[in-house]
Amino acid sequence: MDITNSSIVEEYRNLLDKIVCRNTLQQIVNKELAFQNMYYLLKRGGHAGIIFCLANPVGSWQLKISSSENWGQYRKNGTPLFTPANLEDNYYKNVLEDIGFRVVRCERSDVQLQFLNDERKPSNRIVSNC
């Protein structure tokens, strides 16, 4: 199901008890629409568990490479691996509450990328949010 296609979502409105969305939203450009459609899918009192990356160095790298003259020609799919998310504090908590969700837990944490050779690069961090 395409969570950003409201006409498809309408067919399943108020049918789900629970939604678990893990590491998917970073590939969706319009996250706000996806949240809205998740809310429509849930029955009254339903639950949603959502985790996704706000920022990832892979996304920056992919955009840089795909827009280059040498490598852009090899890009076949217009969907990026990671689309940028809003990094403002409490942005997604506020969006979810405005939609109608009761936010029980919302946290943001920086996760250090791990390298096979134990190399540590402080500039390479994944930022995740609720």
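The values are calculated or read from the model by the stated rules, or taken from the named source; none is laboratory data. Everything numeric here is computed off the predicted structure, so don't read it as measured data. Virtual Cβ from ideal backbone geometry, glycine too; neighbours counted across all protein chains shown.
One table, with the values for the structure above:
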| read-out | value |
| --- | --- |
| When residues of the range 17-37 are limited to those that are in a helix (DSSP H, G or I) and more than 13 Å from the chain's Cα centre (by Cα), the one surrounded by the fewest Cβ atoms within 10 Å (Cβ to Cβ) | GLN36 |
| Count of residues meeting criterion [under 16 Å from ARG44 (Cβ atoms) and among the acidic types (Asp, Glu)] in the range 1-27 | 1 |
| Any hit, the range 102-117, residues being under 18 Å from the mean Cα position of the chain (by Cα), under 23 Å from SER6 (Cβ atoms) and either surrounded by 15 or more Cβ atoms within 10 Å (Cβ to Cβ) or modelled with pLDDT under 75 (or both) | no |
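For every residue, the table says whether it meets (1) closer than 30 Å to GLN112 by Cα; (2) of a type outside the set (Phe, Trp, Tyr); (3) touching a residue at least 12 places away in the same chain (Cβ under 8 Å); (4) part of a helix (DSSP H, G or I).
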site	(1), (2), (3), (4)
ASP2	no, yes, no, no
ARG13	no, yes, yes, no
LYS43	no, yes, yes, no
HIS47	yes, yes, yes, no
LYS64	yes, yes, no, yes
ASN70	no, yes, no, no
PHE82	yes, no, yes, no
